[in-house]
1. Just to confirm a number: summing +1 for Lys and Arg and -1 for Asp and Glu over residues other than A:Asp275 whose beta-carbon lies under 14 angstrom from that of A:Asp275, what do you get?
2. Name the shape class, rounded, prolate or oblate, that the alpha-carbon gyration tensor gives for the stretch A:178-291, where a ≥ b ≥ c are the square roots of its eigenvalues, rounded holds for a/c under 1.5, and otherwise prolate holds if a/b is larger than b/c and oblate otherwise.
3. Quick one: among B:Met14, B:Met177, B:Met78, which has the greatest mean-square fluctuation in a GNM of chain B with alpha-carbon springs under 10 angstrom?
4. Could you tell me which of rounded, prolate or oblate describes chain A, using a ≥ b ≥ c as the square roots of the eigenvalues of the alpha-carbon gyration tensor, with rounded for a/c under 1.5 and, failing that, prolate when a/b is larger than b/c and oblate otherwise?
5. Normalised radius of gyration for the protein assembly as shown, please: alpha carbon Rg relative to 2.2 N^0.38 Å, two decimal places.
6. Of all DSSP beta bridges in the protein assembly as shown, what percent run antiparallel (nearest 5)?
7. Nearest 100 Å² is fine: how much accessible area is buried between B and A, summed over both sides, with a 1.4 Å probe?
8. Using the Cβ atoms and a cut-off under 12 Å, what net charge is assigned to the surroundings of A:Ala105, where Lys and Arg are +1 and Asp and Glu are -1?
Amino acid sequence: MFRTVAELVEIAENENILISEVMIRQEMDVKEKTREEVYEEMEKNLQVMERAIDDAMQGVQSVTGLTGGDAVRIQKYMKEKTPLSGHLMMDAVSKAMGTNEVNAAMGIICATPTAGSAGCVPGTLFAVKEQLHPTREQMIRYLFTAGAFGFVVANNAFISGAAGGCQAEIGSAGAMAAAAIVEMAGGTPQQSSEAFAMTLKNMLGLVCDPVAGLVEVPCVKRNAGGSSLAIVSADMALAGVTSKIPCDEVIGAMYRIGRQMPSSLRETGEGGLADTPTGRLLKEKIYGTTM
Amino acid sequence: MKYNSVFDIIGPVMVGPSSSHTAGAARIGKAARNLFGKQPKWAKIHLYESFAKTYRGHGTDFALAGGLLGFETDDPQMSKALDIAKEKGLEIEFIEDSAAVDHPNTARLIIGNDSDQLELIGISIGGGKVEITELNGFELRLSGNHPAILIMHNDRFGAIASVTRILAKYEVNIGHMEVNRKDVGKEALMVIEVDQNVEDPILKELEGADHIIQISKIVS
């Protein structure tokens, strides 16, 4: 069983297999399941992600009215104008935000690694798909690669905002997506690890400060940030850019930063954006009327 | 390691909005129901730190209710669970508790009916994964990664042997085992993680073994 990213990359390199393959074999081993069973379970998750994005494109609205409709707004903009950051980038952003709009509306999603950060991995997958034209198997492998990196973070640090702030959620999710994009684009296991490290480095210190304690503001838009950073970092890694601080040490830094974060910035809805005049006003409005 | 499957990371499939506050809360509720062995009539639920501060916004309240009703994390009825609980005669009270706890997402559930009562502490550690850290005053660490049987027994010699003898007879392998007692000679708790689900006939036989008070199981 791999415990670190270094071990994960080493196994993949020594056996000349993909990161996704290391994860698939470990899952078969730990759960005593066949390859078909493990694939089928992931295929189900993939279908849930696909459906959530479809739902988002019909336009959704949360109960509070705080979020919803932006995924559709961006798609419309992409049809009418040429996005400055590129079509693929805005497509990923739209699909990542859409997934989280569905989540905020209490629809059905697949947590990757959490519900609040559930947009980054599928958002990037279904955007990159349009350019790389992967097989269904490669799309399933994308999720195993993302999962392999998330597995290391979950066991060595944390993946919940309450434990480690938003860096643990969107930071992990975006970084997982970056590593998976690299593999799908034909990069090496080491390049996946570089992309992961570069994404997480840019998310270090990000606090979890949800307005009114809801997974809406700023969570939905932070999925846009996580997915766009994932694409940028994947491109950097594929270009041969490396992280001066090794991946596992970045994860270690994320852990120590999270431990130092006060409780007001760890999903209690007490600090940061939640504690702005508008944040407080929104909270009053929501709990005063609809809840 | 806390997480042992890729599906802890890519998953669960769930009703939004929060994996730790909604899906995890539902799993804590379901674990309590499983251990109680039936649907409770009442529940007093203490919430701490992040759970206490944000439970309404995250749907932690309806998720815990859904779990007590036996719902899975992706049950479409989840957001209506508080109303369904009322219809089914389950009274739930939520208490925002300011006591200090080890984990920010902690819930203490006291559930019961006219004759029985059960108290447990569950923590939601992220991504929908939970741990049961206390049951009826006994500390334990139950991850839910494996099926498990929990056996309340009298702290007497031979109690453990009588249980393991039965498991051996049915070729049930023990992966992890903990024994905890409140005081010498008083009530004790055995927590046994096994590789496969333990069938009801085996549970029946265990119930009849020496010094055994009560048995419940967790299905993985």
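The values are calculated or read from the model by the stated rules, or taken from the named source; none is laboratory data. No experiment lies behind these values; they were computed from the predicted model shown. Methodologically, a virtual Cβ is constructed for each residue, glycine included, from the backbone with ideal geometry; neighbour enumeration extends over all protein chains shown. Just so you know, the surface numbers come from the protein's heavy atoms only, side chains and all, with ligands and any DNA or RNA stripped out. Shrake-Rupley method; radii C 1.70, N 1.55, O 1.52, S 1.80 Å.
1. Working: positive: A:Arg266, A:Arg280, A:Lys283, B:Lys53; negative: A:Asp209, A:Glu267, A:Glu270, A:Glu284.
Charge balance in the 14 Å sphere: 0.
2. On the way: a/c = 3.91, a/b = 2.13, b/c = 1.84.
Verdict is prolate for the stretch A:178-291.
3. In this elastic network of chain B, the residue with the biggest mean-square fluctuation among B:Met14, B:Met177, B:Met78 is B:Met177.
4. Details: a/c = 1.68, a/b = 1.35, b/c = 1.24.
Taking the square roots of the gyration eigenvalues as a ≥ b ≥ c, chain A is prolate.
5. Working: Rg = 23.0 Å, N = 511, 2.2 N^0.38 = 23.5 Å.
Output field value: 0.98.
6. On the way: 45 of 52 bridges.
Roughly 85 percent of the beta bridges in the protein assembly as shown run antiparallel, per DSSP.
7. Numbers: alone 11040 and 13200 Å², together 20830 Å².
Using a 1.4 Å probe, the pair buries roughly 3400 Å².
8. Values: positive: none; negative: A:Asp55, A:Glu101, A:Glu216.
Here the charged neighbours net out to -3.
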